[in-house]
1. How high is the relative contact order of the range 3-211, in percent, counting Cα pairs under 8 Å that sit 6 or more residues apart?
2. Can you give the angle from 0 to 90° between the axis of helix 134-147 and the longest principal axis of the chain, with both taken from C-alpha atoms, to the nearest 10?
3. Taking the mean number of other Cβ atoms within 10 Å as a proxy for protection, how do you rank 158-167, 40-49 from highest to lowest?
4. Which percent, to the nearest 5, of DSSP beta bridges fully inside the chain are antiparallel?
5. If you fit an axis through the alpha-carbon atoms of helix 96-106 and take the longest principal axis of the Cα set of the chain, what angle between them do you get, 0 to 90°, nearest 10?
6. Which angle between 0 and 90 degrees, to the nearest 10, do you get for helix 164-181 versus the longest principal axis of the chain when only C-alpha atoms count?
7. Would you calculate, for the chain, the mean residue ellipticity at 222 nm contributed by helices, counting each DSSP H stretch of 4 or more residues as -39,500 (n - 2.57) and dividing by all residues, to the nearest 500?
8. To the nearest 0.05, what FRET efficiency results for residue 7 and residue 70 with a Förster distance of 22 Å applied to their C-beta separation?
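Please treat every number below as a calculation from the coordinates, not as lab data. It should be emphasised that the depicted structure is a prediction, and the values quoted were computed from it without experimental measurement. Ideal geometry is used to build each Cβ from the backbone, glycine not excepted, and the neighbour counts take in all protein chains shown.
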């Protein structure tokens with residue numbers, strides 16, 4: 001299994017979710033839907049190694065991530081896990097190309113020019129990211145993530161800043177990547193049509209993650 005969540009629970013002043021469990025193997029995609037405030041993004045942070053759950057275990061590539069040393073955890077994040085958030089987290093003083101090159105260099109990979117073309121950003125590479133629109137920055141963020149060729153992708157509302165046509169094209173790239181590279185994708189989205197493109201759909205509601213499809 002590439003991803004295995006077992007009995008995850010998390011609370012703030014109130015319980016967000018309890019006993020969340022699921023698994024995902026290579027070439028599989030999973031969507032998590034739910035109303036705002038249901039805990040979807042917090043669950044994503046638990047899975048993506050940024051926020052330790054209060055109970056339960058997260059395994060990525062059969063490694064119990066919250067038992068790893070910081071060195072091994074950083075290595076897992078650098079080489080094997082790709083993350084896309086609605087906020088782009090780009091290096092604002094750099095060009096689009098420099099942002100993508102940094103990720104590729106750190107993970108010892110080469111930037112795929114065909115990927116840049118498919119995402120519609122090949123002609124934007126020399127521009128500072130601060131000169132790009134929100135949608136263009138999001139596509140640069142996705143290119144940066146894919147350039148490291150991760151085995152696992154976590155995407156939190158990755159198309160929120162994109163128009164419908166561009167969103168569909170970007171998700172085509174992500175879904176094809178998962179199948180071609182035998183990767184796995186966990187997608188958090190409010191878009192029910194997009195969620196239905198995944199192999200399975202779960203809803204986070206009333207502190208429980210329930211499978212819909």
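1. In percent, rounded to a whole number, it is 33.
2. Taking Cα atoms only, the helix is inclined about 80 degrees.
3. Listed from highest to lowest mean packing, they are 40-49, 158-167.
4. 50 percent
5. Orientation of helix 96-106: about 60 degrees from the principal axis.
6. Helix 164-181 sits roughly 70 degrees off the main axis of the chain.
7. -10000 deg cm²/dmol
8. With R0 = 22 Å, the Cβ-Cβ based efficiency is 0.35.
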